[in-house]
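Q: Below you'll find the structure I mean.
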Amino acid sequence: MTHKPTLLPNTANGTGVKRTRILSVQSLNVPGQSNADSQQRWEEEVRRDSLEAQALLEAAEALRTRDVPVAFPTETVYGLGADATRSAAVQGIYKAKQRPSDNPLIVHVHSREQLEGLLQPPKCPKSQQTTAQSSSLIPPIYEPLIQRFWPGPLTILIPNPPHSPLAPEVTSNLSTFGVRMPSSSLARLLIRLADRPLAAPSANASTKPSPTTAQHVYTDLRGRIDIILDGGPCGVGVESTVVDGLSQPPAILRPGGVGIEEIRSCRGWEDVRIGYKDGALQGRTAPRAPGMKYRHYSPKAKVVLFESGQPMSSVIERILREQASSSPIKIGVIRTRTWEKGLAMPVDRVSPESLNGHRDTSLGLDDTPSPPDTQIQQLSVLSSESKSNSPPCAMDMIDISLGADTHSIARGLFSALRSLDAHNVSTIYVEGIPETEGDLAAAIMNRLRKAAEEEIKS
Ligand code: TXA
Ligand code: MG
């Protein structure tokens, strides 16, 4: 167990933050652990007064008493948490993330009872409070989803009651609030110790890909927050699915960690409609006007998304066109199902420092873990126009394979986009997957479309 205090420059940003510390809590972050097992483990750590216990207690105390948010791991992505009942604390989130305040935040609870408590009318004595399912204040449409997917990556919208204890900044003054119970036992433990519902958006700087490691948070928010709890890489890798059961028929507002078909198979959700637009573009190649580009999940590099089924030859053709107009170039390739390493171009050289597929040490961020199925290599490939007689020229390519499995692709996606930015590639070519596969596929393609400036279809 390591405690990794990291000294950082103080960027005088008005938050009073002097340094950002990454505190390891990895052994307390057990996927799928029950509250009882997590509690037992926690009591052992407290008895030993371990560094992990100290870190978690310090984070919980900061959440209760301070207005600077705390970054913590969930099973989806890292969240930037604050006490959802205190306006000043919630404002701290918007300040640290530089997020527009008209974008509402998700409330995280550790238990159903905690959520029911938020819905109770004020001054109702505890003994009379009703938390039994039959008299629940949670809209009944959500019951099958809660039974099946909580704790887990599913956010539901609930009417915000009159006299709600939630700070108005959480809902951006909407009449509903989004809430989820994370399956990360560490996240639930933190919420329980803080004894508050936690408002938490993803812990990236606004417009950047969501963070799936503590180092990603550090890259974006250092000097802006005090504490990053490091629970290791996130298991799901894309954010929660957001559903609205208050509209008729119910709607999916954001695809995410719970698949659309799984939701459709629940009672009352058979006719669920897709309530999001992810800009799936018409036509073979459809560049977006820069002004229309979604500023979400955006690395610095230009992202070109090839829908599933595009042959490698069409990718190579596209790369050679770019190379002709701006050489020398350094490009990134993100492969999933069928594209071969280096797009099967002749490899001139493989840079020895990046041969290790599991750890990308070339980023200058020591100890930045890549998800286990991700392979990253720096190649120098030889390219030439097949019809021309010009000699082949070398081109730098950062080649990332996310593996073929949908879960491994989701886990590695945001990390891959961030790695390629750190390598300063000009363009990232991505192999899409069929989104009809269900499961996480719709979420993966949704995030890729939001990152892409150009989408190439057959
Ligand atoms: O997995 C996740 O959901 C992560 C982790 C940290 O839990 N959180 C996350 O939060 O992705 P954020 O703020 O990046 O995204 C919240 C999404 C946004 O699309 C927001 O518009 C939507 O949820 N949302 C929240 N409250 C809403 C409401 N009352 N009505 C409609 N949409 C809402
Ligand atoms: Mg976000």
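Q: In segment 204-236, what residues are within 15 Å of ligand 2 (Cβ to nearest atom) and acidic (Asp, Glu)?
A: At the first step, the residues of segment 204-236 found to be within 15 Å of ligand 2 (Cβ to nearest atom) are 204-212, 216-217, 220-221, 234, 236.
Selection gives Asp220 alone.
Q: Give just the number: which of (1) in a loop (DSSP other than H, G, I, E, B); (2) more than 24 Å from Asp195 (Cβ to Cβ); (3) modelled with pLDDT under 80 does Ser134 not satisfy?
A: (1)
Q: Yes or no: Arg267 under 27 Å from Gly152 (Cα atoms) and modelled with pLDDT of 90 or more?
A: For Arg267, the condition - under 27 Å from Gly152 (Cα atoms) and modelled with pLDDT of 90 or more - is met.
Q: Being away from ligand 1 (no atom under 13 Å from the Cβ), modelled with pLDDT of 95 or more and not hydrophobic (A, V, I, L, M, F, W, C) is the filter here; which residues of segment 181-195 pass it?
A: Of everything in segment 181-195, those that are away from ligand 1 (no atom under 13 Å from the Cβ), modelled with pLDDT of 95 or more and not hydrophobic (A, V, I, L, M, F, W, C) turn out to be Arg192, Asp195.
Q: Let me ask something else about it. Pick from Pro161, Pro201, Pro182, Pro168: which is within 16 Å of ligand 2 (Cβ to nearest atom) and surrounded by fewer than 24 Cβ atoms within 10 Å (Cβ to Cβ)?
A: Values: Pro161 fails: within 16 Å of ligand 2 (Cβ to nearest atom); Pro182 fails: surrounded by fewer than 24 Cβ atoms within 10 Å (Cβ to Cβ); Pro168 fails: within 16 Å of ligand 2 (Cβ to nearest atom).
One residue alone meets the criteria, Pro201.
Q: Do we find that Ala36 is open to solvent by 40 Å² or more (accessible area, probe 1.4 Å), assigned to a helix (DSSP H, G or I) and of a type in the set (Gly, Ala, Ser) in this structure?
A: For Ala36, the condition - open to solvent by 40 Å² or more (accessible area, probe 1.4 Å), assigned to a helix (DSSP H, G or I) and of a type in the set (Gly, Ala, Ser) - is met.
Q: So for segment 296-313 (the condition being modelled with pLDDT under 80, more than 16 Å from ligand 2 (Cβ to nearest atom) and open to solvent by 90 Å² or more (accessible area, probe 1.4 Å)), does at least one residue qualify?
A: So far as segment 296-313 goes, no, none of its residues is modelled with pLDDT under 80, more than 16 Å from ligand 2 (Cβ to nearest atom) and open to solvent by 90 Å² or more (accessible area, probe 1.4 Å).
Residue by residue, here is whether (1) more than 8 Å from ligand 1 (Cβ to nearest atom); (2) closer than 29 Å to Thr406 by Cα; (3) in a strand (DSSP E or B) holds:
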site: Asn173; (1), (2), (3): yes, no, no
site: Ser210; (1), (2), (3): no, yes, no
site: Gln215; (1), (2), (3): yes, yes, no
site: Gly232; (1), (2), (3): yes, yes, no
site: Gly235; (1), (2), (3): yes, yes, no
site: Val243; (1), (2), (3): yes, yes, yes
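Q: While we're looking at this one, here's another question. Considering only segment 253-268, how many residues are within 12 Å of ligand 1 (Cβ to nearest atom) and surrounded by fewer than 22 Cβ atoms within 10 Å (Cβ to Cβ)?
A: Of the residues in that region, 2 qualify.
Q: Would you mention how many residues in segment 196-206 are over 18 Å from Ile22 (Cβ atoms), within 11 Å of ligand 1 (Cβ to nearest atom) and outside any strand (DSSP E or B)?
A: At the first step, the residues of segment 196-206 found to be over 18 Å from Ile22 (Cβ atoms) are 196-199, 201, 206.
Next cut, within 11 Å of ligand 1 (Cβ to nearest atom) only: 198-199, 201, 206.
Okay, now just the ones that are also outside any strand (DSSP E or B), so 201, 206.
Count: 2.
Q: Looking at segment 97-118 only, could you name the residues that are of a type outside the set (Asp, Glu), surrounded by fewer than 18 Cβ atoms within 10 Å (Cβ to Cβ) and either more than 18 Å from Thr74 (Cα to Cα) or outside the structural domain of Ala205 (by TED's automatic domain parsing) (or both)?
A: We begin by selecting, within segment 97-118, every residue of a type outside the set (Asp, Glu); these are 97-101, 103-112, 114-115, 117-118.
Then keep just the ones that are surrounded by fewer than 18 Cβ atoms within 10 Å (Cβ to Cβ); that gives 98, 100-101, 103, 111-112, 117.
Within segment 97-118, Gln98, Pro100, Ser101, Asn103, Gly117 meet the criteria.
Q: While we're looking at this one, here's another question. Only one of (1) under 30 Å from Ile263 (Cβ atoms); (2) open to solvent by 10 Å² or more (accessible area, probe 1.4 Å); (3) touching a Ser or Thr at 6+ places or on another chain (Cβ under 9 Å) fails for Ser210. Which number is that?
A: Of everything listed in (1) under 30 Å from Ile263 (Cβ atoms); (2) open to solvent by 10 Å² or more (accessible area, probe 1.4 Å); (3) touching a Ser or Thr at 6+ places or on another chain (Cβ under 9 Å), Ser210 misses just condition (2).
Q: Could you list, in sequence order, all residues of segment 153-182 that are out of contact with any strand residue (DSSP E or B) (no Cβ under 8 Å at 6 or more places or on another chain) and more than 22 Å from Gly92 (Cα to Cα)?
A: Pro161, Pro162, His163
Q: Hey, can you tell me all the residues within segment 131-188 that are within 24 Å of Leu63 (Cβ to Cβ) and among the small types (Gly, Ala, Ser)?
A: Across segment 131-188, the qualifying residues are Gly152, Ser164, Ala167, Ser172, Gly178, Ser183, Ser184, Ser185, Ala187.
Q: Let me spell it out: the conditions are (1) in a loop (DSSP other than H, G, I, E, B); (2) among the polar types (S, T, N, Q); (3) open to solvent by 20 Å² or more (accessible area, probe 1.4 Å), and Thr219 meets all of them except one. Which number is the exception?
A: (1)
The values are calculated or read from the model by the stated rules, or taken from the named source; none is laboratory data. Computed from a predicted structure; not experimentally measured. Cβ sites come from the backbone with ideal geometry, for glycine too, and all protein chains shown count toward neighbours. For accessibility, only protein heavy atoms count, side chains too; no ligands or nucleic acids. Shrake-Rupley method; radii C 1.70, N 1.55, O 1.52, S 1.80 Å.
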